[in-house]
Amino acid sequence: MLNNIGIKIITALLLLSPIEIESKKITIAGCGYVGLTVAAVLADGGHQVTCVDVDKNKISRLNNYELPFFEPNLDDALFGAARAGAILFSDSIDECLDADIFYICVGTPTNTQGVCDCTYLHAAFNMIAKRSKCTEPENEFMFFFSKITQTTVDATCRLKNRKIICVKSTLPPCTMSSLQQYLDAQNNNHYGLVYNPEFMREGSALHDIYTNNPIVLGGAHDDDLETVCNLYCHLENPTINIIKTNFETAEMIKYAWNSFSAIRIAYVNELALMCRKINADIATLIEGFAHSEELLPTHVIRPGPGYGGSCLPKDTTSFSNVLKHNGFVKTLVHQAIKSNKHQTKAVIQDILSLLEPSTAPHIISILGLSFKARTDDIRYSPAIAIIQALIERGIIVHAYDPKAMSNMQQLFPEINYFDSPYEASENADCIVALTEWDEIKNIDLEKLSQCCKKKRLIDTRNIYDVKKLNYYGFDFINMGRL
Ligand code: NAD
């Protein structure tokens, strides 16, 4: 009873107290391009920063206000703050262990096998996690709090004195979870872990952070993400995109961001070589690209069962052949064609993976036949390859499409066509949503779940809410949506 009252009082006190953005003590491990730029940004936000590096020579140069590399405007920002006492440089982590937040900005190079070498990351992480201790409850109130909530001192630390280790180094996906597992295995809840990848580019690092870059925060605890997010509240650009997500998504965003840049640069390079062969101008060609970004902006691109239609498949195939004829094999266009075929095959595998062996033929309901919504065009639609593969396996195909059924009927007269998605899904062993028609997107999932034989669904367009699919008991596969 006493505990309950105590909890209520404490909760009320916590709710009443205004949220203050206080100045934090921050230690940054790694005085490279990222570490020093971030130091300048955090000091500008009013925080007390200590930069630590294992390279004593680097620290000695920094203590003499000498930047170990060239980066526009960084020396003024960094050493201005250092002269004002807001940034210190140290070669001893032991002197910097009383921080609230530890940033890890060490290098993560690839080894000779092309695998990311996390040696520096692990060294920095161990230095912090093993040697820095959470302070004991500071006063009677904290003891009282831990007693009435029946939490241990550790749990109290989590609420009051929990430190954060914020990793900025670029990492292969699943690295952060392994660091979390390490802490969990040690029963170490003194630390919150946050992954906050960096998107700055050398040459415009400060400008990028203040104006362009998203703030991506990956982690398991909202309060930890919020703590790090608050460190950037002085970056008052309203267009800065803040994304809070789990470790894996944050890790993927960073790798995908860099790889997307690499793919675009590689593509332009390939095109330049081709332009040299014929009478074409690469600069004008890139100008023409600006319009393609308007037609298909990156932020509206979604995954699907593979592109189709009257243009992309035939023109990429033809262009790939033109490139090959001019001596350019295994180009990105060639790889894109291969990848697209693989995507459709992956959907077929997904369908088969959901079907258990049965003596009676399975029934699959295909929702959507055209290659995209708002057209009856089925040319190169992924539905064709998928239906073909199912028929070859003796599967009975039921199909529904608001506009494309008569076209598909000419190609596959033997399958069954229905006037509604519910009729098509009657007694189905699995439903496959292939096209993002409104009629299919806005389907009544409850009604759908009642008419099929097995509540199995493949959402190849990520059009259904995962919570709803779970609520109605579907066993489902989608395109990488949580
Ligand atoms: P860098 O090589 O310039 O600096 C890394 C620093 O870490 C070095 O000074 C090194 O001595 C120090 N270090 C190594 N082990 C340490 C330890 N245990 N404790 C303290 N310091 C240690 O690297 P960088 O270019 O700043 O990149 C850091 C990370 O950020 C990398 O993962 C990189 O991929 C990523 N990143 C870099 C950029 C960029 O433009 N350079 C942009 C975004 C992300």
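Please report CYS118, CYS275 as a ranked list, fewest other C-beta atoms within 10 angstrom at the top and most at the bottom.
Final ranking by Cβ density, sparse to dense: CYS275, CYS118.
If I take all pairs of Cα atoms in the chain, what percentage of them are more than 45 Å from each other? Numbers along the way, then the final one.
Values: 37555 of 115921 pairs.
For the chain, the share of Cα pairs beyond 45 Å comes to 32 percent.
Ranked from highest to lowest mean number of other Cβ atoms within 10 Å per residue, what is the order of the peptides 418-428, 172-182?
Numbers: 418-428: 18.4, 172-182: 16.5.
Highest-to-lowest ranking by the protection proxy: 418-428, 172-182.
Would you mind computing, in nm to one decimal, how far apart the modelled labels at ILE240 and LYS345 are, each placed 7 Å from Cα along Cα→Cβ?
Placing both labels 7 Å beyond Cα along the Cβ direction yields 4.5 nm.
Counting other beta carbons within 10 Å of each Cβ, put LEU296, LEU273, LEU206, LEU193 in order, fewest first.
If I rank by nearby Cβ atoms, fewest first, I get LEU296, LEU273, LEU206, LEU193.
For region 231-382, just say rounded, prolate or oblate: build the C-alpha gyration tensor, square-root its eigenvalues into a ≥ b ≥ c, call rounded for a/c under 1.5, and beyond that prolate if a/b exceeds b/c, oblate if not.
It comes out oblate by the Cα gyration axes.
Please say if region 328-482 is rounded, prolate or oblate, where rounded means a/c under 1.5 for a ≥ b ≥ c the square roots of the C-alpha gyration tensor eigenvalues, and otherwise the choice is prolate for a/b larger than b/c and oblate otherwise?
rounded
Once fully extended, how much extra length lies between ASP281 and ARG83, figured as 0.36 nm per residue of separation less the alpha-carbon to alpha-carbon distance? Could the numbers behind the result be given before it?
Numbers: separation 198, 0.36 × 198 = 71.28 nm, distance 5.15 nm.
Extra length available between ASP281 and ARG83 comes to 66.1 nm.
If we count every other residue with Cβ under 13 angstrom of SER310's Cβ, Lys/Arg +1 and Asp/Glu -1, where does the sum land?
Summing Lys and Arg as +1 and Asp and Glu as -1 gives 0.
Using only the Cα atoms of region 366-453, build the gyration tensor, take square roots of its eigenvalues as a ≥ b ≥ c, and label the shape rounded, prolate or oblate: rounded if a/c is under 1.5, else prolate if a/b is larger than b/c, else oblate.
oblate
Between ASP315 and VAL115, what length comes free when the chain is fully extended (0.36 nm per residue of separation minus the Cα-Cα distance, one decimal in nm)?
68.4 nm
Subtracting the Cα-Cα distance from 0.36 nm times the residue separation, let me have the gained length for ASN188 to HIS221 in nm, one decimal.
Between ASN188 and HIS221, full extension yields an extra 10.4 nm.
Please order HIS122, HIS398, HIS325 by the number of other Cβ within 10 Å, starting at the fewest.
In increasing order of surrounding Cβ atoms, one gets HIS325, HIS122, HIS398.
What is the sum of charges around GLY85, taking Lys and Arg as +1, Asp and Glu as -1, for the other residues whose C-beta is under 15 Å from the C-beta of GLY85?
Here the count lands on +1.
Once the Cα atoms of helix 247-277 and of the chain are each reduced to a long axis, what angle between those two axes, in degrees from 0 to 90 to the nearest 10, is obtained?
Helix 247-277 sits at roughly 60 degrees to that axis.
Please give every one of the lysines within straight-line cross-link reach of LYS330, meaning a C-alpha to C-alpha distance under 30 Å, and leave out same-chain neighbours fewer than 8 residues apart.
List returned: LYS254, LYS277, LYS314, LYS338, LYS341, LYS345, LYS372.
Only Lys, Arg, Asp and Glu count, each charged at its Cβ (+1, +1, -1, -1), so figure out the dipole size of the chain about its Cα centre, rounded to 20 debye.
About 980 debye.
THR460: net charge of surrounding residues, Cβ under 13 Å, Lys/Arg +1, Asp/Glu -1, itself excluded?
Details: positive: ARG302, LYS345, LYS372, LYS441, ARG461, ARG481; negative: ASP350, GLU436, ASP459.
With Lys, Arg at +1 and Asp, Glu at -1, the neighbours total +3.
Region 80-122 to region 238-285: how many Å between their Cα centroids?
29
Bear in mind these aren't lab numbers, they're just calculated from the coordinates by the rules spelled out. Being a predicted model, the structure only gives us computed values, none of them experimental. Ideal geometry is used to build each Cβ from the backbone, glycine not excepted, and the neighbour counts take in all protein chains shown.
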